[in-house]
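A.B. asks: I have a structure here, written as structure tokens, and I will follow up with some questions on it.
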Amino acid sequence: MLFTLTSGSGTTVCKRKGELSAVWASGGSFTKCSILGRRFTRRFTALRQKAPFVRRALLFGCTLIAEATIAPAVVAQKVQLSVDVSKASVKIDRNIFGQFAEHLGHGVYEGIWVGPDSTIPNTRGIRSDIVAALRALKVPNVRWPGGCFADEYHWRTGIGAQRVVTLNPNWGGVIEPNTFGTHEFMDFLDQIGAEAYISVNVGSGTPREAAEWLEYLTAAQPTTLAKERAANGHQAAYRVSYLGIGNESWGCGGNMTPDYYLSQLKIYSRFVRNFNPSQQDKQQMLKIAVGPGGSETEWGYWTEAVMRAYQNRQWSWDINGLSMHSYTVGHWPPSFASVGFGETEYSQILKFTLEMEDLVSKHSAIMDKYDPQKKVALVVDEWGAWYAPLPGTSPGFLVQQNSLRDAILAALNLNIFAHHADRVRMANIAQMINVLQAMILTDKEKMVLTPTYYVFKMYVPFQEATFVPVAFDAGTYIHGEISLPRIDALAAKDTAGKLWLAFTNLDPNQSIEVEASLAGIIARSAAGETLTGPKVDSVNTFDAAKTVVPKPISAKVEGRKLDLTLEPKSVTVISVEQ
Ligand code: AHR
């Protein structure tokens, strides 16, 4: 083994068995370290975290023995990757970048809706700053009005001049003014350029109520309901692209058994019709059934039941998607803090979030048994980090901060969905504004974009791009008992043929030198953006909004080789110019 130790005063080279080589560069305190050879680095990383004496023991035998006062070394690890653009395969559905807006806390009221008389700039009551921020994300669809709220929502409370004031028993028991209803939601979608994903009330509603809502929304002919819609300000039929038939019907949606839910599903699927003439042949409304809760292994029985029924279905009903909900929570009730945490909580949460891979694989495998042609999409329509409520906030409002850890979490999950693009064709992060893992936080007239927002923005080019396989050895990042892949990567070719690469460096201490070999493309240059921050729990606040924001990055490209350095704890997206 070859060590090159560079202290402030010079360089010392020392040898050991010659198997691997390491170059440590630093000032007098050894702050930067690069090691070639993953096997050693992994062991070193593990040992380094255990005790300084182990680190010193590693150096024993060298002509220079590092002094006890040496600060932890930062190692730049080399990772080799190969990307073959000619192997581009499945389209990454842009719907995996979907959003979720429930009537919960300040998600809708204050987050989206301030009312037309507000001093906060708005268009017909909808905040202009939010609209501008969301337009930049090219939000494909928004799921509304819940969540648990959906199974207690009666749409007639939210139309017309006189709104019915109700309560929101699920989320703090607060007054629900219903000033944001069907027309306001559709206006909001129109302003941000997204499609409607409407969850109808199966729990406390009726098939007739849901059917009439859809007729009110979509009928173009002059039915009484269509005329009522016109009288309320919208002559033309609305488009409803996705219909959620219930929400968590095994839990807050009515604690149903699979059999009971299936009997409801068949009725709603049959009678809740979309009458919009433009959605009869092409662009038909897709129906999404309640699926598994996700995080617990026993949820397989639910997926089995719905998919078996789907396989044996009669002509009179159909589904196009099966929903799955899985939060990164650790343990219920949520107890991880969203701010003020260290590397231990960082690595624990990332370990929990990577369980999404197993969940998606497990439920996809069940779906494959009953639907080998993959006609039914797995729709992960609630996902994201769920932490302890911020101190001083109403527990029912699910308020949490959003840190660099969440940006990394978001990238890892988006990568998982993209890797399963053949089955996962829709996903909705929970939730869009002010609730759980939000894109945006607001406080009266103030607004701040979260680290998660920036990941969604950087990933826009992956919408409708074609998945390209990447081969690499991720290496290992170890912290205490936790062992994680050091990096994650995603590649895709956009509709114009341009190659996009996304990298996540999970390691909060070491930068990574990526050496990518590219096949099927002659690259000339590559550049993009990288997102990191000073600490794993760095956040953007109303007063310091630019702590975690993307900055430009470029790669060195020579023929078929691309070299790029990933900063510790970062998400990077680059495009390759031919
Ligand atoms: O997103 C918050 C809640 O989590 C939703 O209302 C519910 O569907 C889930 O349990």
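A.B. asks: Working carefully through the options Ala491, Ala474, find the one that is open to solvent by less than 30 Å² (accessible area, probe 1.4 Å), in a strand (DSSP E or B) and touching a strand residue (DSSP E or B) at 6+ places or on another chain (Cβ under 9 Å).
C.D. replies: None of the other options fit; the residue is Ala491.
A.B. asks: Also: Out of the residues in the range 235-277 meeting the condition of being within 31 Å of the chain's Cα centre (by Cα) and hydroxyl-bearing (Ser, Thr, Tyr), tell me which one is nearest to the ligand (Cβ to nearest atom).
C.D. replies: Ser249
A.B. asks: Go through the range 494-512 and report how many residues are buried (at least 22 other Cβ atoms within 10 Å of the Cβ) and of a type in the set (Ser, Thr, Tyr).
C.D. replies: Residues meeting the conditions: 1.
Rundown of residues vs (1) within 16 Å of the ligand (Cβ to nearest atom); (2) assigned to a strand (DSSP E or B); (3) touching a helix residue (DSSP H, G or I) at 6+ places or on another chain (Cβ under 9 Å); (4) within 30 Å of Arg94 (Cα to Cα), yes/no style:
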{"site": "Asp117", "(1), (2), (3), (4)": "no, no, no, no"}
{"site": "Lys138", "(1), (2), (3), (4)": "no, no, yes, yes"}
{"site": "Thr157", "(1), (2), (3), (4)": "no, no, no, no"}
{"site": "Thr179", "(1), (2), (3), (4)": "no, no, yes, no"}
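A.B. asks: So, Trp299, is that one of a type in the set (A, V, I, L, M, F, W, C) and either in a loop (DSSP other than H, G, I, E, B) or modelled with pLDDT of 95 or more (or both) or not?
C.D. replies: No; evaluated as a whole, the condition is false for this residue.
A.B. asks: Out of all the residues in the range 522-576, which are open to solvent by less than 30 Å² (accessible area, probe 1.4 Å), of a type in the set (Ser, Thr, Tyr), touching an Asp or Glu at 6+ places or on another chain (Cβ under 8 Å) and farther than 26 Å from Thr495 by Cβ?
C.D. replies: Across the range 522-576, the qualifying residue is only Thr532.
A.B. asks: With respect to Ala430, determine if the residue is of a type outside the set (Asp, Glu), buried (at least 24 other Cβ atoms within 10 Å of the Cβ), more than 15 Å from the ligand (Cβ to nearest atom) and at pLDDT 95 or above.
C.D. replies: no
A.B. asks: From the list Val142, Val202, Val164, Val174, pick out the single residue that is within 30 Å of Met458 (Cα to Cα) and either of a type outside the set (Ser, Thr, Tyr) or touching a Leu at 6+ places or on another chain (Cβ under 9 Å) (or both).
C.D. replies: Val142
A.B. asks: Look at the range 151-172 and say how many of its residues are open to solvent by less than 50 Å² (accessible area, probe 1.4 Å) and either without any contact (Cβ under 8 Å) to a residue 24 or more places away in the chain or within 22 Å of the chain's Cα centre (by Cα) (or both).
C.D. replies: Total meeting the criteria: 1.
A.B. asks: Let me ask you something else. All but one of (1) surrounded by 13 or more Cβ atoms within 10 Å (Cβ to Cβ); (2) within 16 Å of the ligand (Cβ to nearest atom) hold for Asn232; which doesn't?
C.D. replies: (2)
A.B. asks: Continuing with this model, one more query. Out of the residues in the range 93-123 meeting the condition of being open to solvent by 40 Å² or more (accessible area, probe 1.4 Å) and of a type in the set (D, E, K, R), tell me which one is farthest from Glu464 (Cα to Cα).
C.D. replies: For the range 93-123, the residue satisfying everything is Asp117.
A.B. asks: Can Asp259 be described as exposed (fewer than 15 other Cβ atoms within 10 Å of the Cβ) and free of Cβ contacts under 8 Å to residues at least 24 places away in the same chain?
C.D. replies: no
A.B. asks: Still on this structure: Please specify each residue of the range 316-341 satisfying the condition of being more than 18 Å from Trp383 (Cα to Cα) and either open to solvent by 50 Å² or more (accessible area, probe 1.4 Å) or in contact with a strand residue (DSSP E or B) (Cβ under 9 Å, 6 or more places away or on another chain) (or both).
C.D. replies: The answer is Trp317, Asp318, Ile319, Asn320, Val339, Gly340, Phe341.
The values are calculated or read from the model by the stated rules, or taken from the named source; none is laboratory data. If you're wondering where the values come from, they're calculated on a predicted model, not measured in any experiment. Reconstructed Cβ throughout: ideal geometry from the backbone, glycine too, with neighbour counts over all protein chains shown. Just the protein is used for accessible areas: all its heavy atoms, side chains included, with ligands, DNA and RNA removed. Shrake-Rupley method; radii C 1.70, N 1.55, O 1.52, S 1.80 Å.
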